[in-house]
1. Can you classify region 3-198 as rounded, prolate or oblate using the Cα gyration tensor, where a ≥ b ≥ c are the square roots of its eigenvalues, rounded means a/c under 1.5, and otherwise it's prolate if a/b beats b/c and oblate if not?
2. Excluding ligands, DNA and RNA, what is the solvent-accessible area per residue of region 205-351 at a probe of 1.4 Å, expressed in Å²?
3. Angle, helix 86-96 long axis vs. longest principal axis of the chain, Cα atoms, 0 to 90°, nearest 10?
4. Using only the alpha-carbon atoms, how far is helix 258-277 inclined from the longest principal axis of the chain? Give it as 0 to 90 degrees, nearest 10.
5. What angle, in degrees between 0 and 90 and rounded to the nearest 10, separates the Cα long axis of helix 235-255 from the longest principal axis of the Cα atoms of the chain?
6. Rounded if a/c is under 1.5, else prolate if a/b beats b/c, else oblate: with a ≥ b ≥ c from the C-alpha gyration tensor eigenvalues square-rooted, which is region 205-351?
7. Over region 3-198, with the other protein chains present, what is the accessible area per residue in square angstrom, probe 1.4 angstrom?
8. Order the peptides 122-129, 327-334 from the highest to the lowest mean number of other Cβ atoms within 10 Å of their residues.
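The values are calculated or read from the model by the stated rules, or taken from the named source; none is laboratory data. Note that the structure is predicted; figures quoted are calculated from it, not measured. Note: ideal-geometry Cβ built from the backbone for every residue, glycine included; neighbour counts use all protein chains shown. Ligands, DNA and RNA are excluded from the accessible area calculation, which covers all protein heavy atoms including side chains. Shrake-Rupley method; radii C 1.70, N 1.55, O 1.52, S 1.80 Å.
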Amino acid sequence: MTEKDFLPGAYQKMPKHGKVTWKAPSNIALVKYWGKKPVQIPANPSISFTLDSCATTTSVSFEKKADSELFSFDLLFEGKPKDDFKPKILTFLERIEKYVPFLKAYHFTIETSNSFPHSSGIASSASGMAALSLCLMDIESQLNPSLDNGLFNAKASFLARLGSGSACRSIKGNLVQWGMHKNIPNSSDLYGIEYPFEVDSVFMSYCDTILLVHKGQKQVSSTVGHQLMHGHPYAENRFRQAFSNLDTLKAILASGNLEEFIKLVESEALTLHAMMMTSMPYFILMKPATLEIINKIWQYREETKTPVCFTLDAGANVHLLYPASVKEEVMEFIQNELVEHCENGQYIHDRVGMGATKIKG
Ligand code: DP6
């Protein structure tokens, strides 16, 4: 599909009012997106596990208004007005208006809440932008009832990408790939696709325990971090490496070779942070506890041969990845060795999930 496919024809209906609700999960990248071109085009392809319980639920109520000159919306976060989120939403609406031209015809009330504790340091932009995009697509499908399911999902992912790149990987499950890659059929820079190759069943129930190391605001946002890949001395090699890691991952995912999976995933996480440390200006998002946890994981793996590994996103929290079959011993390891490094002892259990769902209202 090309950008043109996302421009709608004339709408068949214009309902006066209504309300839609969608729940969209977060995701955790195995091969990371870091570096982009305008507008929200990734410098390299990425792939992620869709999560299950870390999710955002968003309702959008819409009411036809008399004029259609300006955007008009109210925003509620966990039941309370949240004016500081409004500029980000406004920028998003301006960016996507061309593709969903009904936006100025309605006043919207957007109500959103997260399943994970707010200020947990878990980025909610992926699940949040995905949930909002699905609500807008649901409204579009009421205006254009002949919209088919494939286009609905691809366009929801396309819109979400324009809000936050990684959000385009939060529409479907279980593994989603985003970014054009010559060896991945139907891959696109414009939206995420369900991973089209064979995947061993071990990955279908993979667990992700998120160890909350630092819950405060990050010193450097992802948006700034992406920009710092322009003119970065190692950028070209890094982008090439991500393309090649996606090739390598194909055989790993098909065979369920956890030793190779662990090597690739941990290397990706550390490379992401190496890019941050070698940007100009340089920065470090890991905290001492992040390194303590990584060292303990390595030691535990060496001693017990349990196939547990870590990945990181653009922050200090550690995602502990492991197959469901070793859950019991990993729980014990977390309790005995890792909880002490978490802020207020907090962590969140999650697992690979099936993608976003519509909530009947
Ligand atoms: C490190 O999707 O948050 O989590 O497109 O600027 O909103 P924007 O960036 P964002 O970047 C995510 C970066 C990452 C890696 C990944 O999820 O692939």
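1. Taking the square roots of the gyration eigenvalues as a ≥ b ≥ c, region 3-198 is oblate.
2. Value returned for region 205-351: 47 Å² of accessible area per residue.
3. The answer is roughly 70 degrees.
4. Relative to the chain, helix 258-277 is tipped by roughly 70 degrees.
5. Compared with the principal axis, the helix lies near 80 degrees.
6. Note, shape of region 205-351 comes out oblate.
7. On the way: 7780 Å² over 196 residues.
With all protein chains present, region 3-198 gives 40 Å² per residue.
8. Numbers: 122-129: 25.1, 327-334: 15.9.
Highest mean packing first, the order is 122-129, 327-334.
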